[in-house]
1. Just checking, does segment 296-311 include any residue being within 20 Å of residue 152 (Cα to Cα), within 14 Å of the ligand (Cβ to nearest atom) and assigned to a loop (DSSP other than H, G, I, E, B)?
2. For segment 302-318, does any single residue satisfy the condition of being within 17 Å of the chain's Cα centre (by Cα) and at pLDDT 95 or above?
3. Under 8 Å between Cβ atoms, at least 6 apart or on separate chains: pull out the pairs that start in segment 1-22 with a residue that is under 15 Å from residue 59 (Cα atoms) and end on any residue that is at pLDDT below 90.
4. If I go through segment 244-257 residue by residue, how many of them are surrounded by fewer than 22 Cβ atoms within 10 Å (Cβ to Cβ) and either without any contact (Cβ under 8 Å) to a residue 12 or more places away in the chain or touching a helix residue (DSSP H, G or I) at 6+ places or on another chain (Cβ under 9 Å) (or both)?
5. Do you know which of the residues in segment 327-336 that are surrounded by 22 or more Cβ atoms within 10 Å (Cβ to Cβ) and more than 15 Å from the ligand (Cβ to nearest atom) is modelled with the lowest pLDDT?
6. From the list 82, 124, which one is touching a helix residue (DSSP H, G or I) at 6+ places or on another chain (Cβ under 8 Å), within 15 Å of the ligand (Cβ to nearest atom) and either farther than 25 Å from residue 227 by Cβ or part of a loop (DSSP other than H, G, I, E, B) (or both)?
7. For segment 222-281, how many residues are closer than 17 Å to residue 298 by Cα, within 20 Å of the chain's Cα centre (by Cα) and assigned to a loop (DSSP other than H, G, I, E, B)?
8. Can you name every residue in segment 1-11 that is assigned to a helix (DSSP H, G or I), at pLDDT 85 or above and loosely packed, with under 15 Cβ neighbours inside 10 Å?
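The values are calculated or read from the model by the stated rules, or taken from the named source; none is laboratory data. Please read these numbers as outputs of a predicted model, since none were measured by experiment. Here Cβ is always computed from backbone atoms with ideal geometry, including for glycine, and neighbour counts include all displayed protein chains.
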Ligand SMILES: *Cc1c(COP(=O)(O)O)cnc(C)c1O
């Protein structure tokens with residue numbers, strides 16, 4: 001039965017029917033560190049760093065949603081990506097999308113480099129470049145598609161082929177798309193990685209991360225790593241995610257429709273020099289994107305010709321909030337050059353086309369016309 005259900009239904013039922021004590025429909029928050037054992041020896045639950053029923057309910061739900069063998073939950077997206085890197089040995093080599101999330105870049109450069117992990121950032125849109133970057137010690141290829149903030153598209157099927165051809169894993173940071181729009185594991189990836197903080201929880205009120213994998217052994221290994229390193233998701237936070245994720249399908253449908261409207265309106269505006277959104281007819285990579293994903297998502301970026309006007313534009317906004325983060329019910333706008341991507345050296349930002357006039361918009365659930373009107377009145381100030 002579960003296999004014939006649409007993921008839009010699965011997502012609503014995450015956590016339902018988990019309470020053996022009273023049959024509570026909503027999974028209770030098991031706010032406990034430890035568990036009383038029946039007689040001597042350990043019961044199924046022992047210590048909440050290792051396992052907690054609230055967290056477990058969510059993990060089963062997320063694994064189901066992507067038809068993975070297991071999901072491991074972490075206290076943030078970065079804790080999830082850290083655990084993924086903990087699978088690597090010293091002197092392993094990693095190939096990453098060059099415009100990855102700034103925090104992933106920082107994790108590699110500031111932390112794992114000191115532990116002897118080597119890495120190469122490449123333009124993963126270019127399959128040849130990825131193939132050329134592979135080394136005998138490459139253990140992991142880590143990609144984001146669409147990328148952040150330029151929404152560039154990487155061919156996931158080719159990444160699977162290249163990674164597996166070299167005995168490496170493919171991990172996809174699928175935060176922007178969610179399992180409802182893109183299913184990396186179904187395309188052959190070894191890991192789907194999520195900042196659950198974003199669309200999955202959806203309300204800008206909880207930090208969480210997840211890794212979903214098609215392999216039972218790997219799911220167990222990741223649970224062991226989470227237990228060993230300790231960055232696990234707290235019961236209350238797991239509950240908040242469970243509450244938020246139920247409306248994912250409805251939120252995403254609406255946010256995506258609005259994003260399409262906003263992208264079209266901004267494209268037609270004389271004070272906007274470029275709009276980056278895979279839903280636009282002329283977006284590079286659009287055809288490829290729709291071969292591996294079922295929607296364009298609700299993230300877009302746009303370029304203002306004069307970077308000096310950005311503060312005036314931001315100050316004039318009344319509905320859209322200037323704030324980092326994305327994927328929640330409130331529309332948020334950020335300036336990648338000075339905020340989300342400031343971890344990259346300036347020369348790198350410029351080389352990657354993350355220019356001072358670029359803005360990234362996470363389209364929320366406000367009435368579509370209100371979002372458009374707010375942006376258009378703010379453009380009068382640039
Ligand atoms: C936010 C984000 C992360 C990091 O997640 P946190 O929950 O903030 O730790 C990783 N990847 C992408 C694409 C993100 O947007």
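1. Yes, some residue in segment 296-311 is within 20 Å of residue 152 (Cα to Cα), within 14 Å of the ligand (Cβ to nearest atom) and assigned to a loop (DSSP other than H, G, I, E, B).
2. Within segment 302-318, not a single residue is within 17 Å of the chain's Cα centre (by Cα) and at pLDDT 95 or above.
3. 10/2
4. 7
5. Filtering segment 327-336 for residues that are surrounded by 22 or more Cβ atoms within 10 Å (Cβ to Cβ) and more than 15 Å from the ligand (Cβ to nearest atom), the one modelled with the lowest pLDDT comes out as 335.
6. Residue meeting the stated conditions: 124.
7. Matching residues across segment 222-281 total 4.
8. Result: 8, 9.
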